[in-house]
Amino acid sequence: MTALTAFHAEQIFDGYDWHRAAALLVADGRVDGIVASADAPSGIQVKGAIVPGLVDLQVNGGGGVLFNNDLSRSGVEAICAAHAQFGTTSVMVTLITDTVAHTAAAIGAAVNASDVPGWLGLHLEGPHLDPSRKGTHDPHLIRPMNDDDLARLISAKGRFDHMICTVAPESVTVGQVSALSEAGIVVSLGHTGCTHSVARAYADAGARMVTHLFNAMGQLEHRAPNLVGAALDDERFSAGLIADGYHVDDSAMRIALRGKNGPGKVFLVSDAMSTIGTDLTEFTLNDREIFRSDGRLMLADGTLAGADIALIDAVRYVHQSLGVPLGDALNLAGVHPAQAMGINDRGHLKAGARADFFALTPQITAGGTWISGQNIKDIA
């Protein structure tokens with residue numbers, strides 16, 4: 001019989017319900033169940049509430065490493081380890097628009113990172129975007145997708161489990177999106193000025209996600225809903241949201257959270273850069289300096305350049321500043337992004353789920369973190 005490890009806590013949130021004075025039972029890296037502490041064997045006492053590990057689908061860097069600048073297994077390890085310290089147990093490491101050679105190297109790093117704790121997959125944000133909606137992406141590196149690009153991406157998906165491609169209809173055809181989707185790649189629309197009808201046509205072709213809702217896209221107008229309108233109205237789309245108090249106004253976030261119904265839902269992303277877990281004050285992307293100041297990351301011209309938060313910071317923000325109940329805020333960073341990826345065993349702690357969890361403090365920060373039932377300090 002497989003040995004059970006019991007993790008005791010005053011409260012456990014399983015992604016659906018809160019359990020008081022309970023124990024999380026773990027065997028072989030999976031959740032066996034949740035029982036009353038009095039009915040569980042002695043085990044590990046966790047200080048704080050046990051909650052599901054967070055799932056971040058857009059992480060550009062952390063721990064002093066920007067993925068664009070360190071396209072290696074060790075780079076992935078550093079990024080995942082940095083975010084695990086903040087309760088994020090599943091990370092889609094993200095390559096910002098770069099050269100063909102860098103894209104190939106990112107794919108190689110993804111293949112070699114399959115067993116890195118916390119690694120979920122690869123997110124390619126660009127280079128196939130709309131130059132007029134570039135944000136912090138280097139416009140000289142943005143370009144239309146060609147046959148070689150398409151073949152490279154489809155071939156890459158066969159070498160690891162999870163992949164997101166953020167693309168713009170201005171640079172990628174409906175047929176290309178259909179081919180990517182059929183290959184099992186999650187296609188996300190972003191950095192685009194496309195209309196509402198075009199966005200829906202790309203959803204018909206298989207696009208299922210929208211990258212950082214409201215940012216670098218056409219806004220909701222009463223006669224021209226554009227991509228924001230499609231993201232909120234079309235149930236096929238799930239939409240990422242950067243909740244740091246800078247990227248999107250609080251009122252717009254509340255409207256989006258109230259207005260978006262399932263099955264596609266809003267989920268939180270960090271869009272984190274290399275600063276997470278460090279005291280860095282500046283770094284480079286595509287040979288351009290990015291500066292850290294007052295909770296923001298910016299190019300010299302003031303353009304926002306990613307976010308200076310971990311995902312737990314976004315959870316805390318939507319709970320404390322937007323008034324979202326704590327369980328719902330946790331699900332915005334757990335169950336919702338996992339569902340957007342079609343993953344059923346993460347973001348919650350029901351029986352059979354991966355035993356990915358962390359200790360949530362009263363200040364809504366992360367205490368200890370466990371991946372597959374192992375404390376990250378023991379698997380670093």
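The values are calculated or read from the model by the stated rules, or taken from the named source; none is laboratory data. As the structure is a prediction and not an experimental result, all values here were calculated from the model. Cβ: placed from backbone, ideal geometry, glycine included. Neighbour counts: every protein chain shown. Heads up: the accessible areas ignore ligands, DNA and RNA and are worked out on the full protein's heavy atoms, side chains in. Shrake-Rupley method; radii C 1.70, N 1.55, O 1.52, S 1.80 Å.
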Once fully extended, how much extra length lies between Arg258 and Asp328, figured as 0.36 nm per residue of separation less the alpha-carbon to alpha-carbon distance?
24.0 nm
Measuring from a point 7 Å past the Cα of Asp294 along Cα-to-C-beta, which residues in segment 303-326 have an amide N at less than 14 Å?
303-304
Per 5 Å bin from zero, what fraction in whole % of the C-alpha pairs of segment 37-120 is there, up to the bin with the longest pair?
3, 15, 23, 20, 11, 9, 6, 6, 4, 2, 1, 0
Roughly how many Å² of Arg133 are accessible to a 1.4 Å probe, to the nearest 10?
80 Å²
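Given 25 °C and 0.890 mPa s, compute D for the chain with the Stokes-Einstein relation, Rh being the Kirkwood radius over Cα pairs; round to the nearest whole µm²/s.
Details: Rh = 20.7 Å.
Using the Kirkwood radius from Cα pairs, D works out to 119 µm²/s.
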Using a 1.4 Å probe over the heavy atoms of the protein chains, calculate the carbon and sulfur portion of the accessible area of the chain as a whole percent.
48 percent
Karplus (6.51, -1.76, 1.60) ³J(HN,Hα), θ = phi - 60°, over segment 285-293, in Hz, Gly and Pro reported as x:
9, 6, 6, 10, 7, 10, 10, 9, 7
Near the amide H of Leu285, under 5 Å away, which other amide H atoms are found, from residues 5 or more places off or on another chain, if H is placed in the peptide plane?
Ile290
Excluding same-chain residues fewer than 8 positions from Lys157, which lysines have a Cα within less than 26 Å of its Cα?
Lys134, Lys265
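Cα convex hull of segment 152-301: mean projected area in nm², to one decimal? If you can, show how the numbers build up before the last one.
On the way: hull surface 42.4 nm².
Its Cα hull, projected and averaged over all orientations, spans 10.6 nm².
Quick one: accessible area per residue over segment 314-380, 1.4 Å probe, rounded to a whole number of Å²? Please list the in-between numbers first.
On the way: 2590 Å² over 67 residues.
It amounts to 39 Å² per residue over segment 314-380.
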Efficiency of FRET from Cβ geometry, Arg223 and Asn375, R₀ 51 Å, rounded to 0.05
0.40
Connecting every pair of Cα atoms under 10 Å apart in the chain and solving the GNM, the largest mean-square fluctuation among Ser270, Ser72, Ser37 falls on Ser37
At q = 0.09 Å⁻¹, work out log10 I(q)/I(0) for segment 1-158 with the Debye formula, treating every Cα as an identical point scatterer and leaving solvent out; two decimals please.
-0.43
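At a Förster distance of 51 Å, what's the computed FRET efficiency of Ile44 paired with Ser197, Cβ-Cβ distance as r, to 0.05? Before the final figure, lay out each step's value.
Values: r = 54 Å, r/R0 = 1.06.
The formula returns an efficiency of 0.40 here.
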Of Lys157, Lys350, which has the most accessible area with a 1.4 Å probe, and how do the rest follow in descending order?
Lys350, Lys157
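Indicate the helices, whole DSSP H runs only, in the chain that combine a mean Kyte-Doolittle hydropathy of -0.5 or more with a Cα extent along their long axis of 15 angstrom or more. Let's see the in-between values first.
Values: long enough: 73-84 (16 Å, 0.50); 100-112 (18 Å, 1.22); 147-157 (16 Å, -0.36).
Taking the DSSP H segments of the chain (at least 15 Å long, mean hydropathy at least -0.5), we get 73-84, 100-112, 147-157.
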Expressed in nanometres to one decimal, the distance between label points 7 Å along Cα→Cβ at Asp161 and Glu235 is 2.8 nm
